[in-house]
Amino acid sequence: MTEVHPQSGRPARPVTVPGPWEQLPPAPYSPFRARIAERLFRHAVRDLPVRIALAGGERLGGGGPGSPLMRIERPREFFHRLGADGNIGFGEAYVVGDWTSPEPADLLMPFAARMATLIPAPLQTLRRAVEPRQPTAERNTATGARSNIHRHYDLSNDFFATFLDETMTYSGAPLRPGGDLAAAQLAKLDSMLDMADVREGTRLLEIGTGWGSLAIRAAQRGAHVTSLTLSAEQQRLACDRITAAGLADRVDVRLCDYRDAEGRYDAVVSIEMIEAVGPEYWSTYFRTLDRLLVDGGRAGLQAITMPHDRLLATLDSYTWIHKYVFPGGRVLSVEAIEGNVARDTAMTVDERRTFGVGYAETLRSWRHRLDERAESLTALGFAGLPHRTWEYYLAYCEAGFRSGYLDVVQFAMRKGGAR
């Protein structure tokens with residue numbers, strides 16, 4: 001039976017996944033680093049509310065019978081990866097099966113809740129000294145940004161369609177347990193458009209097209225939309241969906257870096273694109289929004305956030321997600337966003353809305369959809385390591401939101417006087 005694209009009904013295209021799967025083999029074995037990693041791990045989990053079962057029968061952790069379970073299937077390899085690459089090694093160990101869990105998000109949540117204290121304070125400075133740094137090629141220069149976006153969003157439209165809902169919206173929604181994901185996504189889009197006061201005749205700029213869901217929703221309100229993306233795959237499917245909705249005369253999807261955008265707009269909306277900007281360019285991003293908005297114009301921004309002290313502590317870190325999922329990505333804090341707005345623009349923040357718990361539920365829904373459609377993943381070339389990579393990524397992020405370490409915030413901003 002030929003697999004078909006869930007949204008278009010066309011035959012699905014097998015892909016060659018451009019992820020760095022060949023980087024999974026760890027560094028040469030170091031008994032010293034493995035021993036240190038094991039001691040630190042044992043110390044970190046001694047009172048953590050989890051159960052850890054090592055092959056051979058040993059049990060660790062401070063959890064009771066109902067606590068999340070982690071099975072370390074290959075202890076030697078697990079502690080080696082942990083010693084060789086820290087956070088990166090921990091994720092790699094899951095992908096290759098050194099450790100498993102019946103419910104990885106529940107297992108990772110207690111780790112996320114104590115992210116700041118898992119490593120003893122005296123060793124924090126040493127950890128920063130030995131952790132890898134972001135490769136120069138992954139900085140979000142004009143060239144680097146295109147490459148980073150290509151590595152993530154150009155994987156395959158068909159792949160993303162296996163776990164997204166019919167709106168093809170790849171950002172957090174205010175989803176309640178057991179709720180309808182598509183309805184929650186549309187409510188999120190409407191919230192952003194309302195915050196930016198998008199209505200009939202609005203000249204709207206969208207930074208970060210995705211697969212066209214917000215552009216379609218805005219055009220249905222009567223807005224004239226210019227939408228920017230760096231992903232050729234997203235542009236192609238977004239244009240197909242916009243045409244199918246009969247809105248091609250109201251939406252222009254451009255393959256264009258936000259820094260190169262021209263024109264003047266009544267409103268600018270950007271949903272979870274700022275995470276791909278990078279600290280060196282945050283000021284540039286906000287100055288660009290300010291430059292493109294007319295006086296009295298409004299902007300709506302949805303951003304994943306983390307506590308400001310953790311942002312400062314991890315600003316130079318290079319993580320498993322950077323290496324395998326989002327090269328060049330960096331989450332901001334509310335303070336960083338509002339500080340840049342105050343410092344670099346004539347805009348003011350009028351309103352904030354948060355729904356981190358809903359984002360956790362969104363991620364759980366995506367992960368379950370991904371697991372339920374394993375056969376489709378095989379046809380697309382995402383079985384094995386790629387599947388486990390995305391399973392871990394979604395579970396890891398879900399744990400971050402469920403623990404409160406991460407949040408998602410919608411900002412309503414206004415430039416100058418009333419429109």
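The values are calculated or read from the model by the stated rules, or taken from the named source; none is laboratory data. Model, not experiment: these values are computed from the prediction. Neighbour counts run over all protein chains shown; Cβ positions are idealised from the backbone, glycine included.
Remarks
- Which listed residue is within 20 Å of GLU206 (Cα to Cα), outside the structural domain of PHE90 (by TED's automatic domain parsing) and in contact with a Phe, Trp or Tyr (Cβ under 9 Å, 6 or more places away or on another chain), from ALA303, ALA346: ALA303
- For HIS368, the conditions (1) modelled with pLDDT of 95 or more; (2) closer than 28 Å to LEU292 by Cα all hold with the exception of (2).
- Any hit, the stretch 265-280, residues being within 30 Å of GLY89 (Cα to Cα), of a type outside the set (A, V, I, L, M, F, W, C), in contact (Cβ under 8 Å) with a residue 24 or more places away in the chain and surrounded by 21 or more Cβ atoms within 10 Å (Cβ to Cβ): yes
- Among the residues of the stretch 153-185, those identified as part of a helix (DSSP H, G or I) and crowded, with 18+ Cβ neighbours inside 10 Å are TYR153, ASN157, ASP158, PHE159, PHE160, ALA161, LEU181, ALA184, GLN185.
- Selection from the stretch 257-305 of residues that are assigned to a loop (DSSP other than H, G, I, E, B), over 21 Å from the mean Cα position of the chain (by Cα) and not small (Gly, Ala, Ser): GLU262, ARG264
- If you go through the stretch 261-317 and pick out every residue that is within 28 Å of HIS224 (Cβ to Cβ) and polar (S, T, N, Q), you end up with 4.
- Criterion (within 23 Å of the chain's Cα centre (by Cα) and not assigned by TED's automatic domain parsing to the domain that holds ALA399) met by exactly one of PHE78, PHE111: PHE111
- Residue ID - surrounded by the most Cβ atoms within 10 Å (Cβ to Cβ), chosen from residues in the stretch 314-328 that are assigned to a loop (DSSP other than H, G, I, E, B) and not polar (S, T, N, Q): PRO327
- Within this structure, THR348 passes the test of being polar (S, T, N, Q) and loosely packed, with under 14 Cβ neighbours inside 10 Å.
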